[in-house]
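Presented below is the structure to which this report refers.
Only the coordinates and a few stated rules stand behind these numbers; no lab work does. A quick note: this is a predicted structure, and the numbers were derived from the prediction, not measured. Heads up, the Cβs are rebuilt from the backbone with ideal geometry, glycines too, and the neighbour counts pull from every protein chain shown.
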Amino acid sequence: MFPRGDQRLEDDRAPTGVGTANTQESTMTSPADLSVVEREPSPEEAQFDDLIAADSRIEPRDWMPDAYRKTLIRQISQHAHSEIIGMQPESNWITRAPSLKRKAILMAKVQDEAGHGLYLYSAAQTLGITRDEMMDQLIEGRARYSSIFNYPTPTWADMGAIGWLVDGAAICNQVPLCRASYGPYGRAMVRICKEESFHQRQGFEILLELMQGSDAQKRMAQDAVDRWYWPALQMFGPPDDQSPNSAQSMAWNIKRFSNDELRQRFVGMLVPQAEVMGVTLPDPNLRWNEERQAYDMSEIDWTEFEEVLAGRGPANAERIRRRREAHEEGAWVREAAAEYARKQAERRLAASGAVA
Ligand code: FAQ
């Protein structure tokens, strides 16, 4: 269902189906082979399965199934790209922030996103992919990044809506990832979540202030919430019955909750906060269901999501073009840094007496 257009890594799909290395092995057995005794897991496979069953961590030097490695590279690199592309919609407002204080806060937030991208690229590198490979996949349009960053930011209130809704959704999705089974990913998420929490509060506070301002400011805040609400709900990914990766990722303790569970939890968080601010969530069917102890809501427009994933969202082309330009403009910095590192290494070698 979900197109693999501009935003996709070509050959990184892990086999689907629930199970660890062993169960995958057995599901691949054809019916004719069922009489054959199932292969015993190798000691490495058994150790991996035991660690997952005990809810322990897998570390870079541990043996891991190829599909587990590929799934992590896919998710962590997509996540890193999202942080880096996610700098663009907000950096649009740094020069136009309404006060020095707002400008300083926004600059700090955008820098935080860069830092998140770097932790995550580093975590992905521990799995054997290089930074250059990931960057090439991104600027050549072969990698995915979050659908949410393909929308424009025409007003200052968009900074509030991004903080409140986008960072809010990010926290909801990412707090459980602090317990992801892959050590470097889980540990990176702990720090990232602390910073996202500050980001969400600053967004809430921008909207709160606008909602206490003039009628024009109130309209601007409500308009931003109207535009960001549904794309923010789409951040959690397709509905559970159309999410090909969820079952396996949950069996491997990478994901802890399904896409729909997290989306539902997020809506439950938003409702009381919207009431405090006085904004209306743009869903006429949003109401508490006593029986389910959860909010009922309207059907999400998944066609829009599919269009964005296929590279046809409002700002896809612009985001990749800008990223490519930044990469090319930064080439001299990378070359200078590499040359400096080479000279330092040469000097260290000479000083150690290895070179005459
Ligand atoms: N956008 O089978 P599933 C942030 C793809 S960071 C684009 O359910 P999975 C901070 C998915 O990749 C935001 N593609 O996949 C910030 C898969 O395609 P593939 C990023 C999406 O992996 C704030 C296909 O659909 N956060 O906001 C999206 O089990 C403000 C089928 O989906 C993360 O990356 C989407 N929304 O679950 C920065 C968190 N949803 O790869 C700046 C980590 C799904 O098979 C400013 N990632 N797809 O070709 C995750 O938790 C998961 O990867 C999900 C998707 C939940 C995103």
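Below are the figures for this structure:
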item: Assigned charges on the beta-carbon of Lys, Arg, Asp, Glu; the chain dipole about Cα centre (debye); result: 1460
item: Computed helical MRE - 222 nm, the chain, DSSP H runs ≥ 4 contributing -39500 (n - 2.57), nearest 500; result: -18500 deg cm²/dmol
item: Prolate/oblate/rounded label for the range 89-231 (Cα gyration tensor, a/c 1.5); result: prolate
item: Protection proxy ranking of 251-258, 54-61 - average other beta-carbon atoms within 10 Å, highest first; result: 251-258, 54-61
item: Highest-fluctuation residue, 114, 180, 317 considered, GNM on the chain with Cα pairs under 10 Å; result: 317
item: For q = 0.13, 0.14 Å⁻¹, Debye-computed log10 I/I(0) when each Cα of the chain counts as one equal scatterer; result: -1.09, -1.22
item: Amide H contacts of residue 58 (H built 1.01 Å from N, under 5 Å, at least 5 apart or other chain); result: 182, 183
item: Gained length - residue 335 relative to residue 118, 0.36 nm times residue gap less alpha-carbon distance; result: 76.3 nm
item: Geometric extent, Cα atoms of the range 228-337 - Rg, Dmax (angstrom); result: 18.9, 63
item: Radius, Kirkwood style, for the range 189-268 when every pair of distinct Cα atoms is counted (Å); result: 15.0
item: DSSP H segments from the chain that extend 18 Å or more along their own axis, Cα-based, with Kyte-Doolittle mean of -0.5 or above; result: 100-125, 183-211, 259-277
item: Cross-link pairs beyond the 29 Å C-alpha cut-off, checked among 70/103; 103/255; 109/218; 70/343; result: 70/103; 103/255; 70/343
